Amino acid sequence: MSSPRSPQPADGLAALGDAVRQVAEASLFACAEPCDASRTAGLLQARPPAEAWLTAAVAFTGPFEGVVRVTLPGPLAGDLAGAFCGTQPDALDAAQVADFAGELANMVCGRWLTQTHRRERFELAAPVVGGTAPADIAALTGRDGGTLGIVVNDAPVLVGLTAAHPVAGA
Amino acid sequence: MTGEPIAGPGQAGPNILIVDDSAIMRTMIKRVAALAGTPLGTIFEAANGREALAILEQHPVQFVFTDLAMPVMTGTELLREMQARDQWRGIVRVVITTDGSDSRRHEVDGLSVSVYVEKPFRPEEMRDVLTSLTTAR
């Protein structure tokens, strides 16, 4: 069974935001809530200017295809990774934090697709995790309707969705 | 591949094999299992289905907790291999995956999966799964 259309950014982002909230509450013992552009901008401005950020991207294919991206400050990623596996953040190395960021994006994407398209079949690619320069963070929020700001433990997380046109023949 | 005894000397408990390509997810599941309050034996880890099969061939395992989407050998392929071997007939199989779609659930029909857990899960969910599985043995 195919979806009649690929998710429009607003539809998908709202549901993605809910998926982030569920992941945060269930596995990270964290509070997460979507915030508007103004609050997102304020949270971003409050971050240290040279702070390292991580972006984890999960590509998916199926009745429609796209990419879900989760971008978060490095220190927040470390804190959440520590909460996830029950250890102090400074006990984790960079590779473990990156692994966590990838798994976070994987859970967000998977939960979103399961809840919104349970009757359809998707394949999720392995997460790709990399650093994002602070100078590029503000640009993420400028993408036309494709990025949602979420506050997690008083820190900003950006969730992006790029959805391609439905696959031909789907 | 790693094996870590959880039970102390004289304690009896099932050996568990955790299969997931994310090392931190395996750590999380291992921690939750250890905190579940049920006696456990050795917890083994594998990053994919092929590593899992190697462990199963060398060590007695009573529970397998497996992800589905993994490189090299998927969880579904692992479950099919296990289903084909009589010596593994008694191993309890638990799927832990982000994919809760109907079609994925149907994919593992007939592969003796006892419980299908969707990620993210709360620690108490895993506790309840372990409690119910160990009680049923």
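Rule-based calculations on the coordinates, nothing more; no lab input. Here the structure is a predicted model, which is why all the values come from computation and not from measurement. With ideal geometry, Cβ positions are generated from the backbone for all residues, glycine too; neighbour counts draw on all protein chains shown.
General remarks:
- Charges were assigned to the Cβ only: +1 to each Lys and Arg, -1 to each Asp and Glu. The resulting dipole of region A:20-83 about its Cα centre is roughly 80 debye.
- Distance between the modelled labels on A:ASN153 and B:ARG105, one decimal in nanometres: 3.3 nm (7 Å Cα→Cβ projection).
- Amide H contacts under 5 Å for B:MET73: B:GLY49, B:ARG50, restricted to partners 5 or more places along the chain or on a different chain, H placed in the peptide plane at 1.01 Å from N.
- For the protein assembly as shown, the antiparallel share of DSSP beta bridges with both residues in that region comes to about 65%.
- For the residues of B:91-101, the average number of beta carbons from a partner chain within 10 Å of their own beta carbon is 4.
- Since only A:ALA125, A:GLY82, A:PRO63 are under comparison, the one whose Cα sits farthest along the positive direction of the charge dipole of region A:33-170, derived from C-beta charges on Lys, Arg, Asp and Glu, is A:PRO63.
- Alpha-carbon centroid distance for the pair region B:17-68 / region A:36-100, whole angstrom: 26
- Using a Förster distance of 25 Å, the FRET efficiency for A:ALA50-A:THR87 (Cβ separation, nearest 0.05): 0.40
- Think of the protein assembly as shown as having a plus end and a minus end, set by charges on the Cβ of Lys, Arg, Asp and Glu; of A:ALA164, A:VAL97, A:LEU54, A:ALA164 sits farthest toward the positive end of this dipole.
- Peptide A:103-113 shows a mean partner chain C-beta count of 5 within 10 Å per residue C-beta.
- Selection from B:VAL94, B:ALA47, B:LEU79 lying farthest towards where the dipole of chain B points positive, charges on Cβ: B:VAL94
- Across peptide A:65-71, the mean count of Cβ atoms from other chains lying within 10 Å of each residue's own Cβ comes to 0.
- Rounded, prolate or oblate (a/c below 1.5 giving rounded, otherwise prolate when a/b exceeds b/c) for chain B by Cα gyration tensor: rounded
- Here the peptides A:32-42, B:21-31 are ranked by packing, the mean other Cβ count within 10 Å, and the order with the highest first is B:21-31, A:32-42.
- Amide hydrogen proximity for A:ALA30: with H placed 1.01 Å from N in the peptide plane, the residues at 5 or more positions away or on another chain lying under 5 Å are A:GLU25.
- Dipole magnitude of region B:75-137 about its Cα centre (Cβ charges: Lys, Arg +1; Asp, Glu -1), debye to nearest 20: 220
- Mean separation of Cα contacts under 8 Å, 6 or more apart, over the residue count of region A:1-160: relative contact order %: 37
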